[in-house]
Amino acid sequence: MLAIIKHSGKNIDCIPKSLITSGFSSCYSRLAPDEPAVTITVNFVHPASNRCIHPVADRALTPREGARLQSFDDDFEFFGSRTQITKQIGNAVPPLLGQAIADALAEVL
């Protein structure tokens with residue numbers, strides 16, 4: 001996996017064909033450091049998932065980094081196992097999006 005991650009880039013085409021057998025175009029891909037992040041899913045801690053390799057470091061994103069991308073404050077506490085926390089982050093409506101929806105509804109209602 002580390003060999004795959006070291007070759008990762010914008011899409012799966014950056015990975016030598018000898019290291020992988022299949023995958024969607026966004027598998028084993030890095031986040032672009034100067035672009036908005038893609039949608040976070042419950043699999044964001046797995047390099048084979050949708051563009052979830054750290055932009056610079058040769059590793060997957062941490063749960064805290066995923067939470068930041070989802071717009072959670074750094075002091076927000078998640079509870080449970082790492083798997084449960086990852087699911088909470090990946091399944092969440094980003095707080096800033098929730099606030100924008102609430103504000104729009106408040107104007108209409």
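Average 1/r across all pairs of distinct alpha carbons in the chain, invert it, and you get the Kirkwood radius: 15.0 Å.
Taking the 0 to 90 degree range and rounding to the nearest ten, how far is the long axis of helix 82-91 tilted relative to the main principal axis of the chain, both from C-alpha atoms? For 82-91 against the chain, the angle is about 70 degrees.
Just need log10 I(q)/I(0) for region 47-108 at q = 0.14 Å⁻¹, Debye formula, equal scatterers on the alpha-carbon atoms, no solvent, rounded to two decimals. The Cα Debye sum returns log10 ratios of -0.49. Each Lys or Arg adds one and each Asp or Glu subtracts one; over the other residues with Cβ under 10 Å from the Cβ of T62, this totals +3. Segment N11..K87, full-extension length gain: 24.9 nm, with 0.36 nm per residue of separation and the alpha-carbon distance subtracted. For S29, nonlocal amide neighbours, meaning residues 5 or more places apart or on other chains whose placed amide H falls under 5 Å from its own, are R51, C52, I53.
Packing around the peptides 84-96, 16-28, taken as the average count of other Cβ atoms within 10 Å per residue, puts them in this order, highest first: 84-96, 16-28. What is the distance in Å between the Cα centroid of region 3-73 and that of region 89-109? Rounded to whole Å, the Cα centres lie 26 Å apart.
No value in this document is a laboratory result; all are computed from the given coordinates. These figures come from a predicted structure and were not determined experimentally. Backbone-built Cβ (ideal geometry, glycine too); neighbour counts: all protein chains shown.
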